[in-house]
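The values are calculated or read from the model by the stated rules, or taken from the named source; none is laboratory data. Quantities reported herein were computed from a predicted structural model and do not represent experimental measurements. Backbone-built Cβ (ideal geometry, glycine too); neighbour counts: all protein chains shown.
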């Protein structure tokens, strides 16, 4: 009986190691504020990684396709039910993450005889009126990371996810060195592409203090654009309809896709 807790801890450790290995090659996703809303961007070959969840909420996710779909549908169902039973203004990303998705992921992760979710999620909610945009990262074990604004943390106008901690940290460090929140969509696309490139460059590396050099970023970005397709969507403040989500079309992405 005394050994049982230790077996559980060992099982959890093995499970975490397995999931991290499965997610290690996931294509990074960057979401950042620009002067008319929020931009989501990643590069991919086939599978969709960016989704609309509700009127002012979007999600980017890496992981197993089946788990991605299950989590996407769960998020949509919770948000839609909240909007129907109360009102659309009552739908909150913070409530969705804290009271619904995080507990479900934590339970699945800790029940060692069941299958965990192989997924890492990034959510963004477009701020209303004078409110700041909210970015929340939810991991496979239910842990939550926000873009600040509380507990003495500086508010940041972005959120990122990637396959490894080193890659995620490099992307965040890169974005902290750039001013983009007041820029236009074209500037946001350029910054987001460089952020993705930094994340992709550092996927297989150990944590380090230095970021890749600008010429290294430009070279790798051009190489990857020759093999991958840009997937991007925005949540627009200027949208005339309550639904603010819009997938960017070829005409908007082609100038950046051809930079190779």
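Residues are listed down the side, and each one gets a yes or a no for (1) closer than 29 Å to residue 16 by Cα; (2) in contact with a helix residue (DSSP H, G or I) (Cβ under 7 Å, 6 or more places away or on another chain); (3) crowded, with 20+ Cβ neighbours inside 10 Å; (4) modelled with pLDDT under 95:
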{"position": "162", "(1), (2), (3), (4)": "yes, yes, yes, no"}
{"position": "166", "(1), (2), (3), (4)": "yes, no, no, yes"}
{"position": "188", "(1), (2), (3), (4)": "no, no, yes, no"}
{"position": "204", "(1), (2), (3), (4)": "yes, no, no, yes"}
{"position": "210", "(1), (2), (3), (4)": "yes, no, no, yes"}
{"position": "225", "(1), (2), (3), (4)": "no, yes, no, yes"}
{"position": "232", "(1), (2), (3), (4)": "no, yes, yes, no"}
{"position": "247", "(1), (2), (3), (4)": "no, no, no, no"}
{"position": "260", "(1), (2), (3), (4)": "no, yes, no, yes"}
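Only one entry of 231, 205 meets the criterion of being in a loop (DSSP other than H, G, I, E, B), closer than 23 Å to residue 122 by Cα, touching a residue at least 24 places away in the same chain (Cβ under 8 Å) and within 21 Å of the chain's Cα centre (by Cα), and that entry is 205.
Being outside any helix (DSSP H, G or I), surrounded by 15 or more Cβ atoms within 10 Å (Cβ to Cβ) and within 14 Å of the chain's Cα centre (by Cα) is true for just one of 117, 140. Which residue is that? If you could, list the steps in order and put the result at the bottom.
Details: 117 fails: within 14 Å of the chain's Cα centre (by Cα).
Selected residue: 140, the only one of 117, 140 that is outside any helix (DSSP H, G or I), surrounded by 15 or more Cβ atoms within 10 Å (Cβ to Cβ) and within 14 Å of the chain's Cα centre (by Cα).
On inspection, residue 58 fails the criterion of being in contact (Cβ under 8 Å) with a residue 40 or more places away in the chain, in contact with a helix residue (DSSP H, G or I) (Cβ under 6 Å, 6 or more places away or on another chain) and either exposed (fewer than 14 other Cβ atoms within 10 Å of the Cβ) or over 29 Å from residue 112 (Cα atoms) (or both).
Given 11, 75, which one is assigned to a helix (DSSP H, G or I) and surrounded by 22 or more Cβ atoms within 10 Å (Cβ to Cβ)?
Numbers: 11 fails: surrounded by 22 or more Cβ atoms within 10 Å (Cβ to Cβ).
On inspection, the qualifying residue turns out to be 75.
Scanning the stretch 192-200 for residues that are at pLDDT 95 or above and surrounded by fewer than 20 Cβ atoms within 10 Å (Cβ to Cβ) turns up nothing. Every residue in the stretch 84-109 that is closer than 12 Å to residue 55 by Cβ and either within 16 Å of the chain's Cα centre (by Cα) or without any contact (Cβ under 8 Å) to a residue 40 or more places away in the chain (or both), please. Result: 87, 89, 90, 91, 92, 93.
Looking at the stretch 212-223 only, could you name the residues that are outside any helix (DSSP H, G or I) and in contact with a helix residue (DSSP H, G or I) (Cβ under 6 Å, 6 or more places away or on another chain)?
To start, the set of residues in the stretch 212-223 that are outside any helix (DSSP H, G or I) comprises 212-213.
If the condition is that a residue be outside any helix (DSSP H, G or I) and in contact with a helix residue (DSSP H, G or I) (Cβ under 6 Å, 6 or more places away or on another chain), then 212 is the only one that fits.
All told, residue 69 meets the bar of being part of a helix (DSSP H, G or I), farther than 25 Å from residue 169 by Cβ and at pLDDT 95 or above.
In contact with a helix residue (DSSP H, G or I) (Cβ under 9 Å, 6 or more places away or on another chain), within 20 Å of residue 25 (Cα to Cα) and surrounded by 15 or more Cβ atoms within 10 Å (Cβ to Cβ): does that describe residue 124? Walk me through it before giving the result.
On the way: in contact with a helix residue (DSSP H, G or I) (Cβ under 9 Å, 6 or more places away or on another chain): yes; within 20 Å of residue 25 (Cα to Cα): no; surrounded by 15 or more Cβ atoms within 10 Å (Cβ to Cβ): yes.
No.
Under the condition of being modelled with pLDDT of 95 or more and either part of a loop (DSSP other than H, G, I, E, B) or touching a strand residue (DSSP E or B) at 6+ places or on another chain (Cβ under 6 Å) (or both), the residues counted in the stretch 94-114 number 3. Taken over the stretch 28-50, the residue count meeting the criterion of being modelled with pLDDT of 95 or more and either in a helix (DSSP H, G or I) or closer than 24 Å to residue 71 by Cα (or both) is 13.
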